[in-house]
Amino acid sequence: MIARVSGPGHEISEYVISDREMPVGSTLGAPRAALIIKATGALEKIFSCEAGVDVFRSLVLHHWDRRSGIPLLPSSGEFVVHPDHQEHIFELANGVVVHEKIFMLNGKPSGPDRRDVDPPAAYYTVELSNDGESVVEMATYASIRLRGGYESPTHTSYDKREHAFVAYNEEAPDVVRMAACSVAPKSYEVTVDTAKGNAARFRGELGNATIECSADPVGIFHLNHRLQPGERCSFFFTLTFSMKGPNDARTTLASLPDARTALERTREHYHRMLKRAIVMTPEAQVNRGVLWAKANMLRVQLLSPQGWCFVNDPTRSNNSVGRDTCWYAFGGDYVAPEFTRETLLWYADHLTPDGMVVEYYDIRDGKTETYGLTINDNTPLLILALWHQYCVTGDRSFLEAAYPKARRAAEYILSQQGDRGLVWCRADGRGSWGIVGWRNVIQGYRLDGATTELNSECHAALQTLAKMAAELGDADTAGKFDESARTLRDAINEHLLDRSRKLYYLTIDWDGSKRTDLTCDLVFPVLFGVADHEVATNIVATLSRPEFWTDAGLHTVPRTAIDYGPVYGSGLLGGVWGGPTFWFAAAAAAFNTEFMAYALTASFRHYAQDPRRYNTVPGQFSEWLHGETLNNKGMMLSPWFPPKYLWAAMEGAAGLEITSRPPKLHGRLPPGWGWLGARNVLVRGHKVAWFTVRLDELTTYANSSQLEINADRQYDTDVSDDVRVGGDHATSIALRRNGAVAILVGNTFDRTITTSLSIPARHFPARCSLRLYDSLVGEWRDFPDFDPALLHEGFPVQVSRHGFSVLEICEKTP
């Protein structure tokens, strides 16, 4: 792995990589805007979904020696990629060390409707440190492309009080941008001479003038610095904008915190959110994948004129897509349920008159599109997502409000049942206008009729509507839709199952022909409870074949297929998409835990494996990969893949069956894993923690009475925050009840470690006994007279390679 990373990965993670090994930098976002960083570490652009355009393009810094005028070229440095910002550290030719940070201001939303959010603001901070023995004098130009993505002439001016360039375009005069410097520059200028910023010799002081109107102006700040040996200086640039004209833009800029405070506010918000839904396994890549999935999800959450949402391409699109919103909720409910609730309710509140869920809407004006399909996968997926939201939050008022809308959508599904009892979709075109389902961007392709994907989702949706009705005491409706779900399942297995192969058809076309295309869509009958155990096992085995797999995940169609092409149909006919890989991991969890673990590990590891070669960013979920070279061919940050990864880890690997009544836990440990744990997981509105270990049999400890586990291993409180374990590779979970504590110490390292375990004495009674299980020897050891003070001071625990220890401390009875 080219990007360096260490530790168990479930709480704190950062990647360190050479600044010559990144094809592009991080994609970072906030509720009002998103940015991309260049491969060089400079700022590439800032995009506003509300404006529908880039409001700024590049911000680039260049340095010169003031005495000689020669450029101070940087030596090879390092990028440090954090969940919330990116750093760049390098040394100039004069020995000055430059430390830059780029981030979007992104603090915690507030107010009764979470509508009070930070203004759109990107920060570019710079610290210069003279680590040499001589005085240095240097000059810096910071050049900013002010036109953004607009095509009409750009008007510019300079605000001396704020040290800021002000810009707007004739086509959007109210979209006013301001680029400010934290210190008064030595000089400034707006110019069309783009070569001035990277000239071979220092051009000296600028003209302190702007161009009132030009096609493509560049604003340049000129700064001078004289640094004594050991001296440091710092400054920063702030780029912000308003949709309400110049006065509001100035007010917005004046309201912004300084860079240090802004970064602290952003980091606090991320830290608080990343502590939710923690998954811990012996495989640090999976732990890290869950953490970075949560970080990626936070980056794309937007507050638009239509409310909270996300778009299908964070730095280019204005459209919120229904299926993506629903799939996001399956993972997002565990991290940001307030956000996912609002995103789902928009679609529930904007059903078509017949009850179908729309394909997408424009977040600026709410304009919708259906592609002319008679039904789509968005409709059943919304029903599933609404129920999932309730199962996580336990918010009965939400369920009561959502239920009538979900029932309308379910009734619409029933109305689209036709020949053979299947749900049929008719499409009049090709591509997006001719495909029902998730693969709807294959140009020139048609996929309608009675597809297995759609029918599987509709079966699950009808079954789910019955659960909703039962939860609310509507027994008649529950019975009706439970029977409808069984009938549809029978029809699917009667007509869409090829019994000779024990696999499902892709679809039955309107002319009755059965398409036997072998694709990753086979996963849907397993995911949605249509396939019986024998057929499901065969499907998982089929999708586990070598022709389906790469070192980065699952091919959308196998390499042996007649229509395979590594880039055909945007990779949907042979490329590697993260979503199907994560679907497979969730589906395989009950059948092939080893392959489940491989899918989660390999797919996330790929992003940091060789970023320059594969066109990826460490820790960032990219869109789709070339089926042979495995280099990313899509967007650098796909907003709908991170939540699917979290969902697969939580409801696949960790074994949480959240949508059952009541919720259940299934121990699912692949052969190489002896333990697994989760913390701060919302289940029916309560924070739950648990861990599963391989003793004589799989054994689960939990702090929730809502989960069906052995009463002897049921605890009341998660006290893990009070536990400390030493070293970089150990992790722990501690659960307490009256007179007893159970502690897991897990090892994510491929070597045996000895760690120090400490927990405050207040958690224990005065007289205790200890049982300790060591996975290295595979047996319990008893300490009938144990002094709990040893745990307060630091108790040594040896843990085997990827192994664990369990400590059960109980009050000793007289």
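The values are calculated or read from the model by the stated rules, or taken from the named source; none is laboratory data. What you see is a predicted model; the values in this text were computed from it and never measured. We place every Cβ from the backbone using ideal geometry, glycine too, and count neighbours over all the protein chains shown. Accessible surface areas use protein heavy atoms only, side chains included; no ligands, DNA or RNA. Shrake-Rupley method; radii C 1.70, N 1.55, O 1.52, S 1.80 Å.
Average accessible surface for the stretch 1-85: 33 Å² per residue, computed with a 1.4 Å probe over protein heavy atoms with every protein chain in place.
In this structure, the amide hydrogen of residue 45, modeled 1.01 Å from its nitrogen in the peptide plane, lies closer than 5 angstrom to those of 36, counting only residues at least 5 positions away or on a different chain.
Accessible surface of the chain, 1.4 Å probe: 46 percent of it comes from carbon and sulfur atoms.
Each Lys or Arg adds one and each Asp or Glu subtracts one; over the other residues with Cβ under 14 Å from the Cβ of residue 66, this totals +2.
Ordered from largest to smallest accessible area (heavy atoms of protein chains, 1.4 Å probe), the residues 141, 403 come out as 403, 141. The H on the amide N of residue 435, modeled in the peptide plane, is under 5 Å from the matching H of 447, each at least 5 residues off or on a different chain.
Estimated at the nearest 10 Å², the accessible area of residue 594 is 120 Å² with a 1.4 Å probe.
Only aspartates and glutamates eight or more places from residue 812 in sequence, or on another chain, were considered; those with a Cα closer than 18 Å are 712, 782, 785, 787. When a/c reaches 1.5 or more, the comparison of a/b and b/c decides; with that in mind, is the stretch 76-189 rounded, prolate or oblate per its Cα gyration tensor? In terms of gyration-tensor shape, oblate.
Calculated accessible area for the stretch 481-633 comes out at 35 Å² per residue, all protein chains present (probe 1.4 Å; ligands, DNA, RNA ignored). Modelled spin-label separation between residue 811 and residue 127, with each label point placed 7 Å from Cα along the Cα-to-Cβ direction: 5.1 nm.
If R0 equals 45 Å, the separation of the Cβ atoms of residue 783 and residue 542 corresponds to a calculated FRET efficiency of about 0.35. Residue 562 to residue 419: FRET efficiency via 1/(1 + (r/R0)^6), r the Cβ-Cβ distance, R0 22 Å, to the nearest 0.05? Between residue 562 and residue 419 the formula returns 0.20.
Remark: the residue 698-residue 433 segment gains 90.5 nm on full extension, using 0.36 nm per residue and subtracting the alpha carbon distance. Rounded to the nearest 0.05, the FRET efficiency derived from the C-beta distance between residue 494 and residue 776 at R0 = 60 Å is 0.70.
Rounded if a/c is under 1.5, else prolate if a/b is larger than b/c, else oblate: which is the stretch 597-687, with a ≥ b ≥ c the root eigenvalues of its Cα gyration tensor? Because a/c hits 1.5 or more and a/b exceeds b/c, the stretch 597-687 counts as prolate. Here the 3J(HN,Hα) profile of the stretch 504-515, calculated from phi with Karplus coefficients 6.51, -1.76 and 1.60 at θ = phi - 60°, is 8, 5, 5, 6, 9, 6, 5, 7, x, 6, 9, 8 Hz, Gly and Pro shown as x. Backbone geometry of the stretch 632-647 corresponds, through the Karplus equation with coefficients 6.51, -1.76 and 1.60 at θ = phi - 60°, to 3J(HN,Hα) couplings of 5, 10, x, 5, 6, 10, 8, x, 9, 7, x, x, 5, 5, 4, 4 Hz, x marking Gly and Pro. Between residue 711 and residue 110, the contour length at 0.36 nm per residue exceeds the alpha carbon distance by 212.4 nm. Using the 1.4 Å probe convention, the accessible area of the stretch 253-343 works out to 25 Å² per residue with neighbouring protein chains retained. Remark on residue 213: its backbone amide H falls under 5 Å from those of 156, a criterion applied only to residues 5 or more positions apart or on other chains, H modelled at 1.01 Å from N. Between residue 767 and residue 135, the modelled label-to-label distance comes to 7.7 nm, taking each label 7 Å out from Cα in the direction of the beta carbon. When the listed pairs 405/467; 480/514; 108/275; 38/101; 275/687; 294/644 are checked against a 19 Å cut-off, the alpha-carbon distance exceeds it for 480/514. Of the listed residues 526, 192, the order by accessible area with a 1.4 Å probe, largest first, is 192, 526.
Shape analysis of the stretch 49-107 places it in the oblate category; the axes a ≥ b ≥ c from the Cα gyration tensor give an a/c of at least 1.5, with a/b not above b/c. With a cut-off of 14 Å on the backbone N, the residues of the stretch 755-782 near the modelled label site 7 Å out from residue 793 along Cα-Cβ are 757-759, 761. Phi-derived couplings, Karplus 6.51 cos²θ - 1.76 cosθ + 1.60 at θ = phi - 60°, listed residue by residue for the stretch 792-808: 5, 7, x, 9, x, 10, 9, 10, 6, 3, 6, x, 7, 10, 10, 10, 10 Hz, with x used for Gly and Pro.
Note on residue 411 and residue 193: the extension gain reaches 72.2 nm, defined as 0.36 nm multiplied by sequence separation minus the Cα-Cα distance.
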